[in-house]
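So the structure is just underneath, and the comments pick up after that.
The values are calculated or read from the model by the stated rules, or taken from the named source; none is laboratory data. Source: prediction; values computed, not measured. Virtual Cβ from ideal backbone geometry, glycine too; neighbours counted across all protein chains shown. The accessibility values were calculated without ligands, DNA or RNA, using every heavy atom of the protein model including side chains. Shrake-Rupley method; radii C 1.70, N 1.55, O 1.52, S 1.80 Å.
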Amino acid sequence: MMDGTDRSEIGPEIRPEIRPEIRTESKLESQPEIRSTCPYCGVGCGVFLRADGQGGISVRGDPAHPANSGRLCSKGSALAETVGLGDRLLAPRVNGREASWDDALQLVADRFRTSIAEHGPDSVAIYASGQMLTEDYYLANKLMKGFIGSANIDTNSRLCMASTVAGHRRAFGTDTVPGTYEDLGAADLVVLVGSNLAWCHPVLYQQVLAAKKARGTRIVVIDPRRTASCDAADMHLALAPGSDVALFNRLLAELSAGKMVDQTYLAHTKGFTDALDAARADDVSVTGLSEAEIAQFCDLWMQTEKVVTVFSQGVNQSTSGSDKVNAILNCHLASGRIGRPGMGPLSVTGQPNAMGGREVGGLANMLACHLDLENPDHRAAVRECWNAPTIAEAPGLKAVDMFRAAGDGRIKALWIIHTNPAVSMPEADAVRDAIAACPFTVVSDITMATDTARLADVVLPATAWGEKNGTVTNSDRTISRQRAVLPAPGATRPDWAILAEVGQRMGWPRAFDYQSPSEIFREHAALSGIAARLGRDFDISGLATLDDAGYEQMAPVRWPVNATRRGGRFFAEGQFFHADGKARFVPVRYRSPAAKTEPRYPYRLNTGRVRDQWHTMTRTGLSPRLSAHLAEPFLEVHPEDARRLTLAPSDLVQVQSPTGQAILRARITDAVQPGQVFASMHWTGETAPSARIDALVAAATDPVSGQPESKASVVSVRPYRAAWYGFAVSTARMDPSCSYWARARTGAGYRAEMAGDHRPDDWETEARRLFGLPEAAAVSFQDAGRGLARIALMQDDVLAAALFVAREPVAVMRDYVATLPGTSAPDVLSGRPSADMPDPGPILCSCFGVGVNTILRAIEAQGLVTVDAVGAALQAGTNCGSCQPEIAALLSAAQVREAAE
Ligand code: SF4
């Protein structure tokens, strides 16, 4: 349950699954450690990997990597638990049947060629992702824009940071991140806007905390919701959703009124007066903040020269996302606080290679190497470099429009690569239907177990993170190598090889004749040199002559890398990338979110991530350790709203929007404001079919960036009263079929929450069906009058599965019960440990498996008052540090309780 009152867990040691193809080999133990990169977020942490010879790996942070200096968060630390082959797709599939590569690739090439011949190049599309390596991404873009001749390639980065790209391009002339991660350590003030850095970019957050400790750096969080990032913040501005423009407009006006505008720096810019006029005309009251709060924030910002403004999805995922970005950039340009140590705007990306995708032009409105699709000279340069028969001349369909076109028949052939749009796109139910309706859909992925792969005509098995070679670029322009530590299993192939083969079979054998990712990297680097001569920022021409050995050994390097320059910051002395070398102020005004609350939909729905999961859980969901942090989808509801809705902790709620509905567990908390609710975006048809939250998100987009507004939908909320509630554990995967269920991995197998509208006649029969154990010995207790049932199914004297049922949400110690499958479990039906075994509570520290109750007991018994003291007593928070904000929250709650007693 989400209220944390009845859970315990002591997880057994985790072993990755064995890779069958190398199980019999015995000499791999001596394999050396190799350097690679974590695949989860835009921080881009360096890792050391070592294969164990049995298909598993060990992982540790790379102390020499500039992004993380050896640190990893809980997700990176658990990477070894995600490389098993349990759900892996190991051979191509065509129309649901295994097929040869030859048949599958020929079919893809034929169907794309036929569609282009009959309906034109714009009848086909590629939907790519920020999980692809730069070399893979480069080829996908080359195939579509230079050879097919359409710009219908877009990426899930459209959902992530397209607004930042648009804002950067409007202000700077290119999509340039001016600063570096080192600025976080050198800043005296870090402003987090729409960024829960503590959970979404934990290693960067650790850098901010270290700066706070070392130099007293102050932290301001600007977010409608109180997140884990607020725990160490000096100020939290809980502004109204979508009102960031008004706040930064006030800051710009105050900078001017306080004579804090850097007149020297203004010489590098244009448009200040118009931007200031717009800012002065805006009404800051729409933020809902008090004048005192606003004045305090503006004073702090103006009095602190070294200020870094970090922004992320809360800024980007908005119908005014581009304007929010420019409102922030306006303030940094006006004060000249940009491109110098410890100051500047810093966009942090959600995906590991979102930046690489931007560099290769993976968005439908960009060309490779930050060249402009609308510029004929740029198009000509790219076409010449590629020796391409054509080049796309107009922007293609952005993500939302692409799936609409798939749904209404304009797109006849669609290739989706390493992403799960049937879950992650707004209006996800409509997108799912559009993919199903598209005449021909190809999916490249590492598993069939995604909502999207199940809809495809052809599924191509790609190599996974630990098996791939290439490069990725993180949020501060650092390019790192990703290196294979494991052999490619089964018939899997690298994405670059799959794309190259399709390009060759479509009729361009020489243009797609690549033998290795290093060849592609050199071509990309050479094209960047041409782009630099055309006045673009992205320039890695200094790497264009790397030979294969040099590519293999390449150390992390921040671009630009050319004959005269390596890394560094941009714009301290101006030198912007508009034709006149000047930055542009962009006049912006507050616009409210597209959806308006109304009596039918009175709540504003915010969506986001949780600490230990990533995207649609296709990788992190494989880790029992990560699944232990939050094992069930939830809706945060303010206590006042919960009272009005007669909700108790652990109740289920039905959430409805104009586009979809969901059932989620209520989590009653004042972290959200009254009238606002929050849900996370990770759960899918594979893990919790009633919790596909993006089905509720309207596909309203920013008019400049095309990015959807994922954080300000409108919904209704009401209690969902089921006829029965259940909790189940088993050694083997179970597939419930009831109104609500949510399944998670555990160290012993699986656990599931369930609820249904129809009570079966006999729960033992139902349990046997659910677990697929018709012959197992049963130990059961049933009380039909009270609606109670507890059934344990034993095989060979060990617990194979157990089901607990009640008329109310089941009261058992879930984290304890989840450890019992595979053991003799004599007390399983009691649902709790024996009296001499203390209940550790929900796991807070994933690295050391320390539960909430253990920490609370230590705080009380030992009088602990600091996070460091808790770490010294229990180790909790001393490895990756991701749970430190939650430990701090427990400490402060304990101190409040003590003061009140
Ligand atoms: Fe991976 Fe965590 Fe580093 Fe992000 S912060 S790259 S998830 S280890």
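Observations
- Orientation-averaged projection of segment 676-758 equals 7.2 nm² [convex hull of Cα atoms, one quarter of hull surface area].
- Karplus-derived 3J(HN,Hα) values for segment 196-213, using 6.51 cos²θ - 1.76 cosθ + 1.60 with θ = phi - 60°, are 8, 4, 4, 9, 9, 9, x, 5, 5, 4, 4, 5, 5, 4, 5, 5, 4, 5 Hz; glycine and proline are entered as x.
- Each residue, ARG718 and ALA732, gets one label point 7 Å from its Cα in the Cβ direction; the gap between the two is 4.0 nm.
- Accessible surface of segment 411-506 [probe 1.4 Å, protein heavy atoms]: carbon and sulfur percent: 48
- Rough spin-label spacing in nm, given labels placed 7 Å along Cα→Cβ, for THR564 and GLN661: 6.5
- Förster radius 41 Å - calculated FRET efficiency between ALA491 and GLN296 (Cβ-Cβ, nearest 0.05): 0.10
- Members of LYS213/LYS259; LYS142/LYS412; LYS212/LYS270; LYS213/LYS711; LYS259/LYS324; LYS145/LYS398 lying beyond 25 Å, as alpha-carbon distances in this model show: LYS213/LYS259; LYS212/LYS270; LYS213/LYS711
- Accessible surface of ILE859 - all protein chains present, 1.4 Å probe, nearest 10 Å²: 10
- In this calculation the C-beta distance from ASP757 to THR823 is compared with R0 = 45 Å, giving a FRET efficiency of 0.85.
- Computed on protein heavy atoms with a 1.4 Å probe, the accessible areas place SER58, SER123, SER69 in the order SER69, SER58, SER123, largest first.
- Probe 1.4 Å, all protein chains present, accessible-area order of VAL348, VAL94, largest first: VAL94, VAL348
- Rg over Rh [alpha-carbon atoms, Kirkwood Rh] for the chain: 0.96
- Positive minus negative residues near GLY470 (Lys, Arg vs Asp, Glu; Cβ under 14 Å): -3
- Stretchable slack from ASP796 to THR646, in nm (0.36 nm times residue separation minus alpha-carbon distance): 49.4 nm
- Relative contact order (%) - criterion: Cα under 8 Å, at least six apart; region: segment 345-419: 19
- Fraction of accessible area attributable to carbon and sulfur, segment 39-192 (%, probe 1.4 Å): 46
- Where labels lie 7 Å past Cα in the beta-carbon direction, separation of GLU598 and ALA777 in nm: 6.2
- Residue-level accessible surface for LEU204, protein heavy atoms, 1.4 Å, Å²: 0
- Rg to Rh quotient for segment 405-475, alpha carbon positions, Kirkwood Rh: 1.03
- Ellipsoid equivalent to segment 135-186 - semi-axes via the Cα gyration tensor, in Å: 28, 13, 11
- Length gained on full extension, PHE848 to ASP262: 206.0 nm, using 0.36 nm per residue less the C-alpha separation.
- Just so you know, the Rg over Rh for segment 270-341 is 0.95, from Cα atoms, with Rh as the Kirkwood radius.
- Within the shell of other residues whose beta carbon sits under 12 angstrom from the beta carbon of ALA368, the net charge comes to +3, with Lys and Arg scored +1 and Asp and Glu -1.
- Accessible surface area normalised per residue over the chain is 34 Å², counting heavy atoms of protein chains with a 1.4 Å rolling probe.
- Total formal charge among the other residues, if their Cβ is under 12 angstrom from that of GLU519, Lys/Arg +1 and Asp/Glu -1: -4
- Counting only Cα atoms, segment 710-762 measures 40, 32, 13 Å along its principal axes, largest extent leading.
- Accessible surface, 1.4 Å probe, highest first, among residues THR564, THR669: THR564, THR669
- Portion, in percent, of the accessible area of segment 208-264 that falls on carbon or sulfur, probe 1.4 Å: 48
- The chain - percent relative contact order, Cα under 8 Å, separation 6 or more: 16
- Residues whose amide H comes within less than 5 Å of that of ARG667, counting only those at least five positions distant or on another chain, are LEU635, GLU636, VAL637 (H built at 1.01 Å from N in the peptide plane).
- Convex hull volume of segment 789-901 per residue (C-alpha atoms, cubic angstrom): 137
- Mean shadow area of segment 162-303 over all directions, Cα convex hull, nm²: 9.1
- Area accessible to solvent at MET506, 1.4 Å probe radius, in Å²: 10
- The antiparallel fraction among DSSP beta bridges confined to the chain stands at about 65%.
- Between the amide H of TYR720 and those of LEU652, VAL653, GLN654, distances stay under 5 Å, these residues lying 5 or more places away or on another chain, with hydrogens modeled in the peptide plane.
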